[in-house]
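The values are calculated or read from the model by the stated rules, or taken from the named source; none is laboratory data. Just so it is clear, the model here is predicted, and its values are computed rather than measured. We place every Cβ from the backbone using ideal geometry, glycine too, and count neighbours over all the protein chains shown.
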Amino acid sequence: MQFVSKQFVFTNYHLKNRSSIFSSSYYPWLIVILCSAFAFYKFVLQVSPSVMTSDLMRVFHVNGAGLGNLAATYFYAYLIAQLFAGPLLDRYSPRLITGMAISICALGTMIFANTKILLIAELARTLIGVGAAFATVSYMKMTSLWFRPNQMALVDGLLATGAMTGALCGQIPLAYLVANQGWQQSLIDCSLAGVVLASLFFLIVRDKNKTTVDSVRTKDSNPVIKIKEFLILLKKRENWMLAFYSGLAFTPVAVLGGLWGNPFFIEAYHLNLTQAASFTSCIFLGLALGAPVFGFFADKLGRIRVMKLGTAIALISLMIVLFISNLPLWWLGCVLFVFGFGTGAFMSCFALGKEMNGFRLTATIVSLINTGDALLGSFTEPLVGKILDYTWTGQMVNGLHHFTEGNFRCAFSILPLYMLGALICLYMIKNNNEEKLC
């Protein structure tokens, strides 16, 4: 009896201690850290082909367009999965679904690392895209449950910090690993890291506190209401403008940082892979810092106003990088940083979307907006590859197509048009709440 009593006391203490952790004021930030870690992991996997372009072209016997299509299978799957990610996270357990999504990313990475067959590699990248589609939406869903509305833009901006830190690690550190242990072993290590992250997510994260659960269950008891709300959400012009803005603003970063930036810097500035990756990292570092900074001011000064400023800064700096040759290296790094910093303003579009549509369907509106990134990215990377192949002069180096600096600048000329289109989208969005603030 004494032993049973002691065991009961210990168990009761343990449960109370766990409960105190989950009710702590610091617990929401722990959730943010883990959700940011998923975004970190997503971007490591997304940009990883950029530091192994020659290896992939050689192993899978593809040209520029073929490599673009291989990388873009990620975006094709990402785009389709986005259609389901938001409604699933709004309806069911974010903890369970997110943990499964991380596991799918890890599985796809392991398969990709262990194949030399192009079709299987494309299927593996498809799995990675399916899992990664839940990263941003899961983060936004969790923050809407655990943080106040007037904290949204700042907390949402921190997502970019975690994501771009992942993109940074997908450049110099991953390039170093690839150079020292090969691309396959490097991706195996990434897969094992995903298994660890999924385990931590299942163990630590909880969906929401009891009060929120009860209120959400009461509101969500009728699925027909959700269908009506979803249709209303789709009919709003502003939501589609936000989706196109998000895709147009972020795609230049995805193209330069995700696949074609490193080969361009290697050719234009005669750098090695690690040096080129360091300049690509300047973009991600700028975005990682710019997103929370612009988010902070967006909460204070108005979201659309701040997004216009950041996008204009990004457009000007991008044109300097693409259309001015032979920049001093220190100047190139600074301009790339400013380009990323200005692009960071686009993260405020998620807070704006939640504000204009209400927080009830947070994951659904975030999913819709995030579709813009996948839609534009899914055909822009192959499009750049096709332009490179079209302007290719026929030169071969080590059995691979060699693209000149002029080829790259011609292919990249579409990117400033994307940024200009993003600015136009912002001028077509009307936010009554912001007008009251002004």
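The set of residues in the stretch 296-348 that are under 22 Å from Tyr427 (Cβ atoms) and hydroxyl-bearing (Ser, Thr, Tyr) comprises Thr311, Ser317, Thr343, Ser348. If you go through the stretch 298-312 and pick out every residue that is surrounded by 21 or more Cβ atoms within 10 Å (Cβ to Cβ) and under 13 Å from Met419 (Cβ atoms), you end up with 3. Return yes or no: is Leu56 more than 28 Å from Thr161 (Cβ to Cβ) and modelled with pLDDT of 85 or more? Taking the combined requirement at face value, the residue satisfies it. Where helices (runs of 4 or more DSSP H) fall wholly inside the stretch 153-253, the ranges with 3 or more residues that are more than 18 Å from the chain's Cα centre (by Cα) and at pLDDT below 80 are 210-219, 223-235. In the set (1) at pLDDT below 75; (2) over 30 Å from Arg95 (Cα atoms); (3) assigned to a helix (DSSP H, G or I), the condition left unmet by Gly394 is number (3). Restricting attention to the stretch 354-390, the residues being closer than 30 Å to Pro263 by Cβ and either assigned to a loop (DSSP other than H, G, I, E, B) or of a type outside the set (Ser, Thr, Tyr) (or both) number 17. Has the stretch 39-50 got any residue that is buried (at least 24 other Cβ atoms within 10 Å of the Cβ), modelled with pLDDT under 80, within 23 Å of Ile172 (Cβ to Cβ) and not hydroxyl-bearing (Ser, Thr, Tyr)? Yes; the residues of the stretch 39-50 include at least one that is buried (at least 24 other Cβ atoms within 10 Å of the Cβ), modelled with pLDDT under 80, within 23 Å of Ile172 (Cβ to Cβ) and not hydroxyl-bearing (Ser, Thr, Tyr). Apart from one condition, Thr362 fits all of (1) touching a Gly at 6+ places or on another chain (Cβ under 9 Å); (2) on the phi > 0 side of the Ramachandran plot; the exception is (2). Restricting the stretch 375-418 to residues that are touching an Asp or Glu at 6+ places or on another chain (Cβ under 8 Å) and of a type outside the set (A, V, I, L, M, F, W, C) leaves a set whose member that is surrounded by the most Cβ atoms within 10 Å (Cβ to Cβ) is His401. Taken together, Leu271, Leu287, Leu315, Leu309 contain a single residue that is outside any helix (DSSP H, G or I), modelled with pLDDT of 85 or more and either within 21 Å of the chain's Cα centre (by Cα) or not small (Gly, Ala, Ser) (or both), which is Leu271. Residues that are surrounded by fewer than 21 Cβ atoms within 10 Å (Cβ to Cβ) and either among the aliphatic types (A, V, I, L, M) or in contact with a strand residue (DSSP E or B) (Cβ under 7 Å, 6 or more places away or on another chain) (or both) do not occur anywhere in the stretch 252-264. Within the stretch 249-271, being closer than 23 Å to Gly66 by Cα and out of contact with any Asp or Glu (no Cβ under 8 Å at 6 or more places or on another chain) holds for Pro252, Val253, Leu256, Gly257, Gly261, Asn262, Pro263, Phe265, Ile266.
Suppose the filter is of a type outside the set (Val, Ile, Thr) and in contact (Cβ under 8 Å) with a residue 60 or more places away in the chain; does Leu417 pass it?
Numbers: of a type outside the set (Val, Ile, Thr): yes; in contact (Cβ under 8 Å) with a residue 60 or more places away in the chain: no.
Taking the combined requirement at face value, the residue does not satisfy it.
Just wondering, is there one or more residues in the stretch 414-430 that are at pLDDT below 85 and out of contact with any Ser or Thr (no Cβ under 7 Å at 6 or more places or on another chain)? Talk me through it step by step, then tell me what you get.
So in the stretch 414-430, the residues at pLDDT below 85 come out as 430.
Applying the additional criterion that residues be out of contact with any Ser or Thr (no Cβ under 7 Å at 6 or more places or on another chain) yields 430.
Yes, the stretch 414-430 contains a residue that is at pLDDT below 85 and out of contact with any Ser or Thr (no Cβ under 7 Å at 6 or more places or on another chain).
Among the residues of the stretch 265-278, write down those that are surrounded by 24 or more Cβ atoms within 10 Å (Cβ to Cβ) and within 16 Å of Phe412 (Cα to Cα). Hit for the stretch 265-278 is Phe265, nothing else. The test for being more than 21 Å from the chain's Cα centre (by Cα) and assigned to a helix (DSSP H, G or I) does not hold for Trp260.
Taken over the stretch 400-412, the criterion of being touching a helix residue (DSSP H, G or I) at 6+ places or on another chain (Cβ under 7 Å) and either within 10 Å of Gly64 (Cβ to Cβ) or not in a helix (DSSP H, G or I) (or both) is satisfied by Leu400, His401, Phe403, Thr404, Asn407, Ala411.
With the requirement that a residue be among the aromatic types (Phe, Trp, Tyr) and under 16 Å from Ala288 (Cβ atoms), what does the stretch 316-349 give you? Listed by number, the residues that qualify are Phe337, Phe339, Phe341, Phe346.
Applying the condition of being closer than 18 Å to Ser186 by Cβ and among the hydroxyl-bearing types (Ser, Thr, Tyr) to the stretch 86-137 and asking which residue is modelled with the highest pLDDT yields Thr109.
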